[in-house]
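Before any comments, here is the structure.
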Amino acid sequence: MNDTGYFLAADLLGFGKIVKNSTPVELDARMEAWSNLVEVMAKAHGISQFQLISDTLFVGTPSTQEGLLSLLSFSRDLLSGGIEQSFPLRGSIVHGPYRFGSLTYGRAVIAAHELEQAQNWIGITCDPKLPRIESLWSVDLAICYPAPKKRGLYLLHPVVSWPVPTEARLLHLLMGGNLVAVGEGLGWEVAEKMSNTMQFRAHLEFLRQRGLDGSRFDGFLPRS
């Protein structure tokens, strides 16, 4: 029987690099750390429906206000905890029908995957018409923002708000954890994601300085 609820699909960015740059022992340790991170965060937020398939994570929560809140909070803490272990994540949250199990599938799965793949940053974006988001706007949870994309329409989305590290710290973390081989420089593809993520950090600071909840987006240029 299909469930209808909130569904998160997230990918570990740079997974291929981690595999390529790691010894078998290092790779086992990295994957154990990745798995433990997801399990600890899921338990902390009361989430029981999650599935890890290599570098891809699926999570489902009920179609309730509480279900959305737990998924947004889980996503925020996963982004924050992940980057501190050099696990940069990109994901999406949608609402719709799906079947969760040894084989997870459904319209929500496809929609989440397509939105996740279209993005070009470290972050988690929600469907523009995500139900019940209106009462959860917060600079510490979810804000309205034009999520950076590689393709598709320029749209405002609810996006998960998370404590993005400083530029120097983020660069250090993106160069660690075997994401980059010894002696290898930072690739432009990663640098572009980093730049887009830092722009998001600047917008969060703008909102906090003005005491705004992030429920609307008025552009990047300050207004007098």
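Just so you know, all these numbers are worked out from the coordinates, no wet-lab data involved. Everything quoted here is computed from the prediction, not taken from an experiment. FYI the Cβ positions are ideal-geometry reconstructions off the backbone, even for glycines, and counts take in every protein chain you see.
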Quiz item: Taking the simple approach of a point 7 Å from Cα along Cα-to-Cβ for both Leu155 and Ala33, what is their distance in nm?
Solution: 3.6
Self-check item: Long-range amide H partners of Gly5 with built H, under 5 Å
Solution: Gly96, Tyr98
Exercise. Of the DSSP beta bridges with both residues in segment 3-209, give the percent that are antiparallel, rounding to the nearest 5.
Key: 90
Quiz prompt | Separation of the Ala181 and Thr4 label points, Cα + 7 Å toward Cβ, nm | solution = 5.0
Quiz prompt | Phi to ³J(HN,Hα) by Karplus 6.51 cos²θ - 1.76 cosθ + 1.60 over segment 148-162, Hz, x for Gly, Pro | solution = x, 10, 8, 7, x, 6, 7, 10, 7, 10, x, 10, 5, 8, 9
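Within the chain, count lysine pairs with alpha carbon atoms under 20 angstrom apart where the residues are 8 or more positions apart or belong to different chains.
Details: Lys17/Lys193; Lys129/Lys149; Lys149/Lys193; Lys150/Lys193.
Taking the chain as the scope, the lysine pair count is 4.
How would you rank Asp3, Asp127, Asp140, going from fewest to most other Cβ atoms within 10 Å of each one's own Cβ?
Numbers: Asp3 18, Asp127 21, Asp140 14.
Sorted ascending by nearby Cβ count, the order is Asp140, Asp3, Asp127.
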Exercise. Search the structure for amide H atoms under 5 Å from the amide H of Tyr145, placed 1.01 Å from N in the peptide plane, and list their residues when 5 or more places away or on another chain.
Key: His157, Val159
Quiz prompt | Footprinting exposure proxy for Tyr145, Tyr154 (fewest neighbouring C-beta atoms within 10 Å first) | solution = Tyr154, Tyr145
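Using R₀ = 25 Å, calculate the FRET efficiency as 1/(1 + (r/R₀)^6) where r is the Cβ-Cβ separation of Asp140 and Ile53; round to 0.05.
Details: r = 30 Å, r/R0 = 1.20.
Efficiency at R0 = 25 Å is approximately 0.25.
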Quiz item: To the nearest 0.05, how large is the calculated FRET efficiency for His172 and Glu26 if R₀ is 22 Å and r is the Cβ-Cβ distance?
Solution: 0.75
Practice problem: Search the structure for amide H atoms under 5 Å from the amide H of Gly123, placed 1.01 Å from N in the peptide plane, and list their residues when 5 or more places away or on another chain. | Solution: Leu89, Arg90, Gly91
Quiz item: Mind listing the phi-derived Karplus ³J(HN,Hα) values for segment 131-144, rounded to whole Hz, using 6.51, -1.76 and 1.60 with θ = phi - 60°, and x for any glycine or proline?
Solution: x, 6, 6, 4, 8, 10, 4, 6, 5, 9, 9, 8, 10, 8
Exercise. Enumerate the calculated ³J(HN,Hα) couplings along segment 51-65 in order (Karplus 6.51 cos²θ - 1.76 cosθ + 1.60, θ = phi - 60°), each rounded to whole Hz, writing x wherever the residue is Gly or Pro.
Key: 8, 9, 10, 6, 8, 10, 10, 10, 9, x, 9, x, 7, 9, 4
